[in-house]
Structure formats: C-alpha cells, structure tokens
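Only one structure is covered here, and it is reproduced in the block below.
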Amino acid sequence: MTEYTINSELPITAVTANTAFAAYDADGSQRTKKMLASQLQAYLQTFGSGAAAAGTQGNINRQVSATGVSPGVTGADNVLAVYSLPANSFDIAGRGIAITAQGSFGATANNKRVKIIFNPTSATVGATVNGGTTVADTGTVATNGGGWALEANVFKYGATGSNTQLGLHQQAQVGGAVAVLLAPSLITASENGAILVAVSGNSATATSDIVFNFLEVNAMN
C-alpha cells in the first residue's frame with residue numbers, strides 16, 4: 001500500500017475518520033471549525049491506486065416529467081424547465097456543471113427548436129425566456145415525431161470572483177440525426193449570485209409539437 005503524507009508529518013495510514021484538519025476557503029482564509037477526515041474523504045478521492053486526486057462529482061438537480069411539459073405559446077423561446085444554480089458554486093477555476101435535457105417532438109412537419117440557455121435574466125416555466133447564452137441547440141427542425149436530446153457543459157475559468165465561465169456544447173440529437181455543435185462561448189454570469197439554467201422550446205405552429213421530459217444537472221468539482 002502506498003503511503004501518502006500530509007504536511008510531511010502525518011502518514012495517511014495513521015488518519016482515522018475523526019482526525020481533524022484545518023479548512024480554508026477559496027480566498028485563503030482559515031475556517032474556525034476544522035474538517036474531519038471523514039468529511040474530507042467524502043469530498044476527495046484518488047484515481048485508482050495512484051496519487052492523482054479526484055474531486056467528487058454528482059447530481060445536484062433532476063427534473064422528471066412523465067406527462068411532459070410543452071411551451072405555453074408558439075413562436076417564442078418558451079421555458080420548459082429551469083434550475084437555479086446556488087450562488088458561489090463557481091468559486092474557483094475548474095468547477096463545472098454538465099447539463100442534460102431530453103424530450104420528444106410531435107408527429108407533424110411543423111418547425112420546432114429546443115435550447116439550453118445559461119444565465120438568462122429571467123426564466124419562468126410557461127413564459128418566454130429573457131437573455132442568457134445558448135449553450136446547446138437543436139436548431140430549427142421539422143422532424144416528424146421521435147425524441148430529442150441536448151447536452152452542454154459549463155466550466156469556471158479565471159480568478160475567483162472574476163465572473164468567467166466557458167460554455168461547451170456537447171450534443172444535439174433529434175431522432176437519428178445529430179445537429180451541428182455550437183462554438184464554445186465565453187460567459188460572464190455573476191458568480192456571487194444564483195445563476196439560472198433554462199430549457200426552452202419554440203413551436204412555430206402548435207405548442208404540442210414539443211414535449212420536455214427530463215433535465216439533469218451534474219456538478220463537477
């Protein structure tokens with residue numbers, strides 16, 4: 001078993017669940033309450049038997065609708081689902097979220113379009129979304145029936161508090177067709193406040209042409 005050391009003093013093999021460590025915030029200030037080894041282990045793991053540290057990852061929001069949600073009106077980017085990412089989630093460079101949205105299209109030849117929009121100024125289900133950066137997009141399609149899926153990642157870059165994020169389009173698929181990926185986008189959402197993540201649908205003719213069923217947001221430390 002490989003033995004690692006902390007501050008060149010305490011071998012990890014000697015650490016127990018109740019061993020306490022000094023904890024620091026992103027700005028370097030030390031917290032008055034120490035972190036237990038059990039808490040540290042829940043946050044940080046190693047990759048295999050190597051020394052590479054792997055931050056934890058996991059779901060922070062999941063929305064499932066069996067009946068589905070359709071746009072409230074036609075001819076506009078209408079909100080189908082929204083998640084509010086808590087303030088200070090993007091505290092240091094490298095933090096990120098993975099966003100997945102899925103649903104179906106009606107069996108018509110009408111135009112349809114679905115987007116994932118990061119940091120809109122307002123987003124209420126059933127209302128038109130305002131502002132924000134589109135990080136995933138099916139484009140306008142006239143696909144007759146079938147499912148749609150969108151995926152995007154957003155990562156913090158730059159100094160703490162610099163309001164700097166990078167939006168990365170991962171996937172846009174409608175039925176068996178894969179849509180063109182959007183170019184990476186530089187975003188300036190305020191990191192000290194909540195950031196909205198919205199899924200929008202634009203039905204040109206009938207609201208029933210778009211159905212939303214699933215949204216998942218995974219956090220990546």
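The values are calculated or read from the model by the stated rules, or taken from the named source; none is laboratory data. Keep in mind that what you see is a predicted model, and the values were worked out from it rather than measured. As a convention, Cβ positions derive from the backbone with ideal geometry for all residues, glycine included, and neighbour counts pool all protein chains shown.
A quick yes/no check of all residues on (1) assigned to a loop (DSSP other than H, G, I, E, B); (2) not hydrophobic (A, V, I, L, M, F, W, C):
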site	(1), (2)
Trp148	no, no
Ala159	yes, no
Leu166	no, no
His169	no, yes
Asn192	yes, yes
Val197	no, no
Ser200	no, yes
Glu216	no, yes
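Only one of the numbered conditions (1) of a type in the set (D, E, K, R); (2) closer than 28 Å to Gly146 by Cα; (3) within 20 Å of the chain's Cα centre (by Cα) is not met by Lys156, and that is (2). Can you tell which of Asp91, Asp137 is of a type in the set (D, E, K, R) and within 10 Å of Ser200 (Cα to Cα)? Residue meeting the stated conditions: Asp137.
Pairs linking a residue in segment 78-92 that is assigned by TED's automatic domain parsing to the domain that holds Ser65 to a residue that is assigned to a strand (DSSP E or B) and of a type in the set (Lys, Arg), with Cβ atoms under 8 Å and 6 or more positions apart or on different chains, are Phe90/Lys156; Asp91/Lys156; Ile92/Lys156. In segment 164-195, which residues are in contact (Cβ under 8 Å) with a residue 60 or more places away in the chain, touching a strand residue (DSSP E or B) at 6+ places or on another chain (Cβ under 6 Å) and more than 14 Å from Phe105 (Cβ to Cβ)? Matches in segment 164-195: Gln165, Gln170, Ile187, Ala189, Ala194, Ile195. Note on segment 191-200: residues that are closer than 17 Å to Ala136 by Cα and either hydrophobic (A, V, I, L, M, F, W, C) or in contact with a Gly (Cβ under 8 Å, 6 or more places away or on another chain) (or both) total 5. Report yes if Ala107 is under 22 Å from Val73 (Cβ atoms), crowded, with 19+ Cβ neighbours inside 10 Å and assigned by TED's automatic domain parsing to the domain that holds Tyr83, otherwise no. No: the conditions fail for Ala107.
Could you check segment 110-131 and list, in sequence order, the residues that are of a type in the set (D, E, K, R) and buried (at least 23 other Cβ atoms within 10 Å of the Cβ)? Lys112, Lys115, listed by residue number. Checking each residue in segment 179-203 for being aliphatic (A, V, I, L, M), exposed (fewer than 15 other Cβ atoms within 10 Å of the Cβ) and at pLDDT 95 or above picks out Leu181, Ala183, Leu186, Ala194. The condition (being over 20 Å from Asn59 (Cα atoms) and of a type outside the set (Val, Ile, Thr)) is satisfied by just one residue among Gln173, Gln165: Gln173. Output yes when any residue across segment 149-167 is in contact with a Gly (Cβ under 7 Å, 6 or more places away or on another chain) and more than 17 Å from Ile97 (Cα to Cα), and no when none is. No, segment 149-167 contains no residue that is in contact with a Gly (Cβ under 7 Å, 6 or more places away or on another chain) and more than 17 Å from Ile97 (Cα to Cα). In segment 30-145, counting only strands (runs of 3 or more DSSP E) that sit wholly within it, the ones holding 1 or more residues that are among the hydroxyl-bearing types (Ser, Thr, Tyr) and over 30 Å from Asn18 (Cβ atoms) span 57-69, 78-85, 96-105, 133-137.
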